[in-house]
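**Student:** To start, I am sharing the structure in question, which I have written as structure tokens.
The values are calculated or read from the model by the stated rules, or taken from the named source; none is laboratory data. As the structure is a computational prediction, the values presented were derived from the model and not from experiment. Methodologically, a virtual Cβ is constructed for each residue, glycine included, from the backbone with ideal geometry; neighbour enumeration extends over all protein chains shown.
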Amino acid sequence: MAHLVYIHDPMCSWCWAFRPALKDLLQRLPEGMTHSRLLGGLAPDTDQPMPDEMQHTLQKTWRRIQKKLPDTRFNFDFWSLNSPRRSTYPACRAVLSARTLDPTKEDAMTLAIQQAYYLHARNPSDDATLIGLADEIGLNSTAFKEIFHSPATQHQLESEIAQATRMGVRSFPSLVLQHEKSAWPVAVDYHSADSMLETIELILD
């Protein structure tokens, strides 16, 4: 049975840009093919402010994405309204916590984080933001908070990061097709699902 794995980080700006093409791809997968998500973990926990140079680099990335994919929106007020930190593991743990509480809410949590970060200038590196988002998508905030802070959730994140590394994933977003005991990278196309579907069909054939 063929299985497609999507490896991402909810605070990866290119993953935000890839969202429309990914949605189309998953809706058009060959009949019987399954799919799942892995959290790749861009940046570990830190309380240190993001250096100015990195802030400028990320803002340049946002502008580069907007130039390449004009429909992708960013709210640059984020950089003046928050104290940015290079810390995406909390957002990854939030997605895992949502999955644990209700597997149908996994992508809803990812989307909530992306919209909070890129559209509403809220900081998903802050626990309070993530707990608030869980409540907003209909999860029990008390149960969410307990899972979010549990060692088991951190262990799961470390396990998924290790699994992505074993797959040879070095950047996000990434797609890996598992078929007949082999793993095949599928080149990401931000503009259309067509080329990705063609690659998948070639591998299956």
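**Student:** Which one of the conditions (1) without any contact (Cβ under 8 Å) to a residue 24 or more places away in the chain; (2) touching a Leu at 6+ places or on another chain (Cβ under 7 Å); (3) not charged (D, E, K, R) does Ala91 fail to meet, given that it meets all the rest?
**Tutor:** (1)
**Student:** So, Met1, is that one at pLDDT below 95, outside any helix (DSSP H, G or I) and more than 13 Å from the chain's Cα centre (by Cα) or not?
**Tutor:** When the stated conditions are applied, Met1 passes them.
**Student:** Within the range 72-87, identify whether any single residue is in a helix (DSSP H, G or I), farther than 26 Å from Leu139 by Cα, over 18 Å from the mean Cα position of the chain (by Cα) and charged (D, E, K, R), and answer yes or no.
**Tutor:** No, there is no match, as no residue in the range 72-87 is in a helix (DSSP H, G or I), farther than 26 Å from Leu139 by Cα, over 18 Å from the mean Cα position of the chain (by Cα) and charged (D, E, K, R).
**Student:** Related question: Of the residues that sit in the range 168-185 and are over 17 Å from the mean Cα position of the chain (by Cα) and under 20 Å from Leu39 (Cα atoms), which one is surrounded by the most Cβ atoms within 10 Å (Cβ to Cβ)?
**Tutor:** Among those that are over 17 Å from the mean Cα position of the chain (by Cα) and under 20 Å from Leu39 (Cα atoms), it is Leu177.
**Student:** I would also like to ask the following. Of everything in the range 25-47, what is in contact with a helix residue (DSSP H, G or I) (Cβ under 8 Å, 6 or more places away or on another chain), of a type in the set (Gly, Ala, Ser) and assigned to a strand (DSSP E or B)? Give them in sequence order.
**Tutor:** Scanning the range 25-47 gives no hits.
**Student:** Could you check how many residues of the range 37-71 are over 20 Å from the mean Cα position of the chain (by Cα) and of a type in the set (Ser, Thr, Tyr)?
**Tutor:** Total meeting the criteria: 0.
**Student:** Only residues in the range 156-172 that are over 22 Å from Phe18 (Cβ atoms) count as the first member; pair them with residues that are buried (at least 17 other Cβ atoms within 10 Å of the Cβ), Cβ under 6 angstrom, at least 6 apart or cross-chain, and list the lot.
**Tutor:** Partner pairs satisfying both residue conditions: Gln156/Leu96.
**Student:** Moving on to the next point. Among (1) crowded, with 17+ Cβ neighbours inside 10 Å; (2) in contact with a Lys or Arg (Cβ under 8 Å, 6 or more places away or on another chain); (3) in a helix (DSSP H, G or I); (4) of a type in the set (A, V, I, L, M), which single condition is Met50 missing?
**Tutor:** That leaves (3) as the condition not met.
**Student:** Pairs under 7 Å by beta carbon, first residue within 18 Å of Tyr190 (Cβ to Cβ) in the range 47-66, partner among the hydroxyl-bearing types (Ser, Thr, Tyr) and in a loop (DSSP other than H, G, I, E, B), six or more apart or different chains?
**Tutor:** Pairs found: Ile65/Thr72; Gln66/Thr72.
**Student:** Here's a follow-up. Please specify each residue of the range 143-160 satisfying the condition of being among the aliphatic types (A, V, I, L, M) and buried (at least 18 other Cβ atoms within 10 Å of the Cβ).
**Tutor:** Ile147, Leu157
**Student:** State which residue is nearest to Leu25 (Cα to Cα) when the search covers only the range 181-205 and only residues that are free of Cβ contacts under 8 Å to residues at least 12 places away in the same chain and either aliphatic (A, V, I, L, M) or part of a loop (DSSP other than H, G, I, E, B) (or both).
**Tutor:** Residues of the range 181-205 free of Cβ contacts under 8 Å to residues at least 12 places away in the same chain: 181-182, 194-195, 198, 202, 205.
Subsequent filtering for residues that are either aliphatic (A, V, I, L, M) or part of a loop (DSSP other than H, G, I, E, B) (or both) retains 181, 202, 205.
On the way: Lys181: 23, Leu202: 15, Asp205: 18 Å.
For the range 181-205, the residue satisfying everything is Leu202.
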